[in-house]
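These notes are about the structure you will find just below.
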Amino acid sequence: IARNFIRDVHGAFVLSEARPGVVDIVKGMTARIGKSELYDEWMKSGGAFNSYMDMSDNGAEKAMKALIKGEGKIDRYLKTPLGIVNVLQDVGTVVEQGVRIGTYNAAKRKGMTDADAALQARDASIDFARGGSATKILNRYIPFLNAGFQGLDKMRRAATTNPKAFIAWGTATITVPSLVITGWYLHFAPEEDKKEYLEIPQWQKDLFWVVKVDGAWVRYPKPFTIGYAFGSLPERFLIWADSEGRTDGKELVVELTKGMASALSPVYDPSGVMPSVFKTYVETVANYDFFRGQRIYPDWMDSLPPEQRKS
């Protein structure tokens, strides 16, 4: 939840025309928690994905049970074994909507109409209601497929609507920190830290800024899609330029192209088009994690007795 919050805030700042600041996000969070007048304005404008009541079959059923039984939030959390799931779900909703309300507030502050501000709020991170009929069907079987398409389309719209602001803010808030962090570990940090940094799996460095704090490596999330385009590409180039026995530029171009294709694709790798249950079965049988690009069960455990084969 915390990582998604950071990504949503950063992404909304770079990609949204409203460009919400810290004060806007704080106002959005407090408005959502307290359901203040700003929250009511956001709801009435259509900035939420639904109305004040969820009118789906499940929503109507839950509302009817709540009316008949008179159950409140505490009952929902405590009277079921899955109460902790409900708590986490509600916390996630509050955090996500807080960013959207903050974006709505920023848009109104800049003089946008209620309708335009609502559109900015819906599109603050991803407008999950957007998408074609075929995508919505496939999304039932391929998790986050539509979110991937919408993230790519959102970046395209931001780049074409205001390319100067898109490049300027992407460079200032993603490229610069990426170059500073990578440059530090390549050229100024102790040799041991440099070695450890270079050994961090590439998928982690593509999705996070990784820094060492008090002897432990800490991961700070990059925004999806734009994080790779503005951050991971220059990072990879710096690492390649510093490597001993440097490979030719052709191999670098191929590697960067593959990485960019993965970042821009609605699925991270070709295996992502498989339904989750089938993909899990294939990975288990093949003993290979497609996302991390490595064996699930490491080679070094093969020689150990069964009772010691755990990590």
## Note on the structure
Of those in the range 246-260 that are open to solvent by 50 Å² or more (accessible area, probe 1.4 Å) and aliphatic (A, V, I, L, M), the residue farthest from residue 180 (Cα to Cα) is 254
## Note on the structure
Expected output for the range 209-232 (first residue farther than 16 Å from residue 199 by Cα, partner among the polar types (S, T, N, Q) and open to solvent by 10 Å² or more (accessible area, probe 1.4 Å), Cβ below 6 Å, 6+ apart or cross-chain) is 230/175
### Task
Please give the number of the condition residue 257 fails out of (1) more than 19 Å from residue 201 (Cβ to Cβ); (2) of a type outside the set (Gly, Ala, Ser); (3) outside any loop (DSSP other than H, G, I, E, B); (4) at pLDDT 85 or above.
(4)
### Message
Considering only the range 138-159, I want to know if a residue exists there that is of a type outside the set (Asp, Glu) and over 21 Å from the mean Cα position of the chain (by Cα).
### Response
no
### Message
For a quick check of your reading: which helices (runs of 4 or more DSSP H) sit entirely within the range 127-187 and have at least 1 residues that are modelled with pLDDT of 90 or more?
### Response
145-161, 163-170, 176-187
## Note on the structure
Among residues of the range 160-181 being of a type in the set (Ser, Thr, Tyr) and within 21 Å of the chain's Cα centre (by Cα), the residue most open to solvent (accessible area, probe 1.4 Å) is 171
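Residue-wise test of (1) over 16 Å from residue 91 (Cβ atoms); (2) at pLDDT 95 or above; (3) not in a loop (DSSP other than H, G, I, E, B).
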residue	(1), (2), (3)
3	no, no, yes
17	yes, no, no
27	yes, yes, yes
30	no, yes, yes
40	yes, no, yes
47	yes, no, no
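Being under 18 Å from residue 7 (Cα atoms) and open to solvent by less than 90 Å² (accessible area, probe 1.4 Å) is the filter here; which residues of the range 123-144 pass it?
First, pick out the residues of the range 123-144 that are under 18 Å from residue 7 (Cα atoms): 123-128, 144.
Result: 123, 124, 125, 126, 127.
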### Query
Of the residues that sit in the range 182-204 and are open to solvent by 80 Å² or more (accessible area, probe 1.4 Å) and free of Cβ contacts under 8 Å to residues at least 12 places away in the same chain, which one is nearest to residue 290 (Cα to Cα)?
199
### Summary
The condition from (1) open to solvent by less than 50 Å² (accessible area, probe 1.4 Å); (2) in contact with a Phe, Trp or Tyr (Cβ under 9 Å, 6 or more places away or on another chain) that residue 243 misses is numbered (2)
## Note on the structure
Given the conditions (1) under 30 Å from residue 15 (Cα atoms); (2) without any contact (Cβ under 8 Å) to a residue 24 or more places away in the chain; (3) of a type in the set (A, V, I, L, M), every one holds for residue 273 apart from (2)
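Among what's in the range 210-240 and is among the basic types (Lys, Arg) and either surrounded by fewer than 17 Cβ atoms within 10 Å (Cβ to Cβ) or part of a helix (DSSP H, G or I) (or both), pick the residue that is modelled with the lowest pLDDT. Give the derivation first.
Keep residues of the range 210-240 that are among the basic types (Lys, Arg), which gives 212, 219, 222, 236.
If we keep only those that are either surrounded by fewer than 17 Cβ atoms within 10 Å (Cβ to Cβ) or part of a helix (DSSP H, G or I) (or both) as well, we get 212, 219, 236.
On the way: 212: 96, 219: 96, 236: 90.
Of everything passing the filter in the range 210-240, 236 is modelled with the lowest pLDDT.
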### Task
Answer yes if at least one residue in the range 92-99 is more than 22 Å from residue 8 (Cβ to Cβ), open to solvent by 30 Å² or more (accessible area, probe 1.4 Å) and not in a loop (DSSP other than H, G, I, E, B), and no otherwise.
no
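The values are calculated or read from the model by the stated rules, or taken from the named source; none is laboratory data. Every value quoted in this text rests on a predicted model; they were computed, and no experiment measured them. Glycine gets a Cβ as well: all are built from the backbone with ideal geometry, and neighbour counts include every protein chain shown. With ligands, DNA and RNA removed, areas are computed over all heavy atoms of the protein, side chains included. Shrake-Rupley method; radii C 1.70, N 1.55, O 1.52, S 1.80 Å.
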